[in-house]
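Read through the structure below, which is laid out as structure tokens, and then see the notes.
The values are calculated or read from the model by the stated rules, or taken from the named source; none is laboratory data. The model shown is predicted, which means the values in this text are computed figures rather than measured ones. With ideal geometry, Cβ positions are generated from the backbone for all residues, glycine too; neighbour counts draw on all protein chains shown.
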Amino acid sequence: MINWLITFWKESMRLPAPPLTEKNLPDQTGKVYIITGANTGVGYEVASILYSHNAKVYVAARSQSKAETAIESIKKQHPNSRGSLHYLHLNLSDLSSIKESANDFLSKEDKLHWLDNNAGVMIPPKAQRGAQGLNLTYQTNILGPFLFTKLLLPVLKRTAESEPKGTVRVSWAGSLAVVLQSPPKGQKWKADKDGNEGLDESLRNEVIYGVSKAANYYLAHEFGRRYADEAVMHNCYNPGNLQSDLQRHLPSLFQWMMNKTVLYPPIYGAYTEIYAGLSRDEPALSTKQGTYIVPWGRKFGTRKDLEEEIAKGPDGEPAKLFDWCDRITRDYQ
């Protein structure tokens, strides 16, 4: 309990000022970014900041109408921008559609400087499933981003070849749940009737969410380890405790209490994410795979058992998770 409280305090209370904001972000002319879930919440704020600094931003989202509404709103906020905003259809809960989304992007662009895997779900009803019948949280928060990232690795690699070392990045959405809600070693496995192991879907919903966020931290490390020679840097961030659509599945009274006590405006989460994706001030982001960033832009550690699994390399939980993701998504790659 003491460690829980210390972690919560350090990542949630009396936080230092964000080091990278819209006020000191350099011009982004010529840069191409994909922000998943950018039609609302933190992703919207990230897209808005990048566009205001003249970047080309792809708003990757499931709903075209919501994305186009967000795009028009951002354009109105920044009428003098020389950047551009584009809708990219992306449904992370349907693995069969993700390759088409990646190919749509690749048909239009030959560069990608930052992929921000911002989108996700938070504790939806357990009965909700992804299109392939898997737990919705696992499919949307882990398998969908895994597949989308893997399909975009070639363009990320090509971009990295002509950019300053360590500046082409993939960021994975973590959370306080990485430390506070995931089980020992971050994952819990269960064999199906055929003996194939998969992530346990019988866990409590809040633990499933914790598993999904620990998985993103693991994937940031494991992608970095397996593709180290491609010069693309992977990191993970806890954007912060934020007012966003993610809490829509929580009881209304709990939402109200959180909004009044520990939740911050979404713009602060955008500062965390932009720091992870674009900061040149933290050397680890350009040199160390799996760097973990916490509000509102600080390098931080996670949990001893998670770090021990990462240190095991091909014998650790991150490698096992990657192999499972690869097996489940193989027919859609």
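Observations on the structure shown:
- Qualifying position, being over 20 Å from residue 213 (Cα atoms), touching a strand residue (DSSP E or B) at 6+ places or on another chain (Cβ under 7 Å) and among the basic types (Lys, Arg), among 99, 111: 111
- Test: residue in the range 55-65 that is under 30 Å from residue 102 (Cα atoms) and β-branched (Val, Ile, Thr): yes
One line per residue, one yes/no per condition, for (1) among the hydroxyl-bearing types (Ser, Thr, Tyr); (2) out of contact with any helix residue (DSSP H, G or I) (no Cβ under 7 Å at 6 or more places or on another chain); (3) touching a residue at least 40 places away in the same chain (Cβ under 8 Å); (4) closer than 23 Å to residue 36 by Cα:
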| residue | (1), (2), (3), (4) |
| --- | --- |
| 275 | yes, yes, yes, yes |
| 286 | yes, yes, yes, yes |
| 293 | no, no, yes, yes |
| 297 | no, no, yes, yes |
| 309 | no, no, yes, no |
| 320 | no, yes, yes, no |
| 332 | yes, no, yes, yes |
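- Helices (runs of 4 or more DSSP H) wholly inside the range 166-271 containing at least 3 residues that are over 16 Å from residue 116 (Cβ atoms), modelled with pLDDT of 95 or more and of a type in the set (Val, Ile, Thr): 205-226
- Of all positions in the range 28-35, at least one carries a residue that is surrounded by fewer than 17 Cβ atoms within 10 Å (Cβ to Cβ) and either of a type outside the set (Val, Ile, Thr) or free of Cβ contacts under 8 Å to residues at least 60 places away in the same chain (or both).
- Of the helices (runs of 4 or more DSSP H) contained entirely in the range 44-161, those carrying at least 3 residues that are small (Gly, Ala, Ser) fall at 64-77, 95-106.
- If you filter the range 279-333 down to residues that are outside any helix (DSSP H, G or I) and in contact with a His (Cβ under 6 Å, 6 or more places away or on another chain), you find that the one that is farthest from residue 224 (Cα to Cα) is 290.
- Residue pairs whose Cβ atoms lie under 6 Å apart, sitting 6 or more positions apart in sequence or on different chains, and linking a residue in the range 93-115 that is closer than 12 Å to residue 31 by Cα to a partner that is in a loop (DSSP other than H, G, I, E, B), are 113/31; 113/168.
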